[in-house]
Structure formats: structure tokens, C-alpha cells
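The values are calculated or read from the model by the stated rules, or taken from the named source; none is laboratory data. Computed from a predicted model, the values in this text were never measured in an experiment. Every residue, glycine among them, receives a Cβ derived from its backbone with ideal geometry; neighbour counts consider all protein chains shown. All accessible areas refer to the heavy atoms of the entire protein, side chains included, with ligands and DNA or RNA removed. Shrake-Rupley method; radii C 1.70, N 1.55, O 1.52, S 1.80 Å.
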Amino acid sequence: MEDYSNIKWYKVTKENFDIYNMDEEYKRLPDSVTEGMTDLGKIVAKYSAGGRARFSTNSNIIVVRAKMTLHWDMNFDLYRVDEKTGKEYFAAGYRDTFYGVHEGEFSARIGEGMVQRDRKWQYYTLNFPCFAFIEDVELGIEKDAELGKGIAYKYTKPVVFYGSSITNGGLASRPGMAYTSLISQKYGLDYINLGLSGSAKGEKAICDYMASLDMSCFVCDYDHNAHTYEYLEETHLEMYKTIREKHPDIPYIMVSKPDCFKDPYDARRRFDVISKNFEYAKAQGDKNVHLIDGKTLFEGEFYTACTFDGCHPNDIGFMRMADKIGSLVARTLGIQEEKHDLYI
């Protein structure tokens, strides 16, 4: 265990940080919504996927201390935010591989890497794990350093992503590599991650809740969790109608599942359902509905190298998804496409 005698700890609460995608109890969805979901959905809704804390500091050491009940991983990661462009750049990773109820400290002396040692104020995003149940998080900085609030996103009205374990972030090596996070990093976009691993069933409760959100764009990516294409047919159009009733003009992006090579026949039937709903929307006069065929998300050389298990994307797969989906999100929101350099 490292010596943290020079560290001052701060609870990750709204008083000290800007918190996104979750409430003070580290939940993504209110109980009133999860009551209308499956038993598994009630559990998965507690995952901290997409949870973030934004802050600023002039400390050269940033430490994370967390208490979690975890299911898959205990990865946090930290990104530095460019205050001019809003883009984010990887600064540090925090990882522990203990499975179960755990209380641990994850440290990174970021002053030894990309951050200078001159006590310069920097803005940060701390990404929470994709598949963990969080009970408490504290952030530590040097005692003679200062802590401030985070910088606002360049585009403050969030993009809402609804989908399966893929949207949830599985199986990215760390939370910042999930496609939703990569899109946010590149464009300076706030976002809401409602990836519900194995539980994105398009129930009325979740559809009504999502329709109530103030959003800039909606990405519908739950194909994988519709257990049959018939079920997808029953729910997909209803979700579109529910969202459109409250948000008639925002970009609405329909996405089919990317791992089409596993079962091309089933994948094509599912895409046909989504494509039919896309054509229906256009026939109703919808000029801001868009369609991405999942078979194009991994396309290119080494497309079979894009998953961990033939289904869930690895970091290569998530990068390709972020490129394809992110470009469309940016274009529909009128955001200029710019190169995202590795370092600043």
C-alpha cells in the first residue's frame, strides 16, 4: 500500500464535483422506472456505466478510493479536458481485479506522465467503471494543492444512448474506451449512457422515461437484447413513436447490431425490422431520422478482430463504432468534424 500521508480526500458529491449520468446514490435510473423493468434490469440499472465526475485541480497526484460491489470490473480512468476545444485526452488508469465486495485505493502519479509538475490548473473527467455497483467514491489530491469544479461540456445538452451490454461498455478495457465515451471525448459532448446489459427490452417505463429527458440526439441501439426479431418488431417502432411524441425534431439514430457475421440470417431479419421502421418514419415526414446498418460498424481489414468473444467489441471494435456513430451524431448536430490528436 502506498503512503498517502500527503493526500487530502474529498467525497465525490455534487458539492465538490460536477457529476453526470447518475444521482447521489450512484444510480442511473430512478426506482420509479426500474419498477417497470425485468428483474435483471433492476440489477443492471445499478451499473455505473457512463458515470463521470468532472473537476479541476493543480495537484500532481490524483488518487481514487472506492467501495464497490462489482460484477465485471473495477476500472476507473482519468482524462484531461482541453478547456478551449472541450476534447479529452487520457491521463491515467486505475485498476483492481478483485471480484466481490471491495474497498480499495487506486493511485496514479500523473505528474510523472503527461501532466507537468508546475502546479498548473488542469480540468479532468473521472470515468466510473462500466460494470460495477458503486457505494462510495473519494478522490485524493496533495494536501497543499487545491480542488475546483469541472469545466462544462462544449455541447451541454446530452446525447442519449439506449442499448445492450455493448452500449453499456462491454468489453472495453476501461470505461473511456466505450464507444459512447469515445464520442464524447472527441466532440466535447455530454451524454447519457443507458446501456442495460442483457436488459434493454424497450419496456414502456424506460421509453417514457427517456422521452422525458432533455436531449440533443437519441441513439437507439438495443437490437441485441430483443431476444427475437419478432420482439424487436413489437417494441422498436413503439419506442420511436414515444420518443418522437416529446422530441419531434431531434436527430433519431437507429442502429442494428454489429456482429452480423455470427448469424447473418438472423442479423438480416433484425435489420429488416429496423429498416422498415426507418422507412415508416421517413414516410411520416420525419427529416431527422437516420439509420446505421450494424454490418458496417466493424467493416474493413481485420473486421473479425473487432470483438472479444465474437459479440462484444474490444477496443478496436469500439473505436470503429465511435467513428461511424460519432460522425453521424456530429453531422446531425451541426458539429464540425476535426482530428482528435493523441496528445496536447
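One line per residue, one yes/no per condition, for (1) free of Cβ contacts under 8 Å to residues at least 40 places away in the same chain; (2) open to solvent by 90 Å² or more (accessible area, probe 1.4 Å):
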{"site": "F302", "(1), (2)": "yes, yes"}
{"site": "D309", "(1), (2)": "no, no"}
{"site": "K324", "(1), (2)": "yes, no"}
{"site": "T332", "(1), (2)": "no, no"}
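Taking only pairs six or more apart or across chains, which ones have beta-carbon atoms under 8 Å, a first residue in region 176-197 that is closer than 12 Å to K154 by Cβ and charged (D, E, K, R), and a second residue that is modelled with pLDDT under 95 and open to solvent by 10 Å² or more (accessible area, probe 1.4 Å)?
Pairs found: K186/H340.
Name the strands (runs of 3 or more DSSP E) wholly inside region 108-222 in which the number of residues that are under 21 Å from V44 (Cβ atoms) is 1 or more.
On the way: elements: 122-127, 132-142, 147-149, 155-163, 189-195, 217-221.
Output list reads 122-127, 132-142, 155-163, 189-195, 217-221.
Restricting attention to region 4-16, which residues are open to solvent by 40 Å² or more (accessible area, probe 1.4 Å) and either touching a residue at least 60 places away in the same chain (Cβ under 8 Å) or aromatic (F, W, Y) (or both)? Full working, then the answer.
Step one: filter region 4-16 for residues open to solvent by 40 Å² or more (accessible area, probe 1.4 Å), giving 5-6, 8-11, 14-16.
Matches in region 4-16: N6, K8, W9, Y10, K11, N16.
Which residues, counting only those in region 223-241, are open to solvent by less than 30 Å² (accessible area, probe 1.4 Å) and assigned to a helix (DSSP H, G or I)? Steps first, please.
Filtering region 223-241 down to residues open to solvent by less than 30 Å² (accessible area, probe 1.4 Å) leaves 223, 225-226, 232, 235-236, 239-240.
D223, N225, L232, T235, H236, M239, Y240 - these are the residues of region 223-241 that are open to solvent by less than 30 Å² (accessible area, probe 1.4 Å) and assigned to a helix (DSSP H, G or I).
How many residues does region 17-33 contain that are crowded, with 17+ Cβ neighbours inside 10 Å, touching a residue at least 60 places away in the same chain (Cβ under 8 Å) and more than 14 Å from G195 (Cβ to Cβ)? So that I can check it myself, show each step before the final result.
Just the residues of region 17-33 that are crowded, with 17+ Cβ neighbours inside 10 Å, to begin with: 17, 19-22, 26-29, 33.
Within this subset, residues satisfying the condition of being touching a residue at least 60 places away in the same chain (Cβ under 8 Å) are 17, 20-22, 26, 28-29, 33.
Narrowing the set further to residues that are more than 14 Å from G195 (Cβ to Cβ) leaves 17, 20, 26, 33.
Here the count works out to 4.
May I ask you to verify whether S256 is open to solvent by less than 10 Å² (accessible area, probe 1.4 Å) and polar (S, T, N, Q)? Give the steps one after another, and end with the answer.
On the way: open to solvent by less than 10 Å² (accessible area, probe 1.4 Å): yes; polar (S, T, N, Q): yes.
Answer is yes for this residue.
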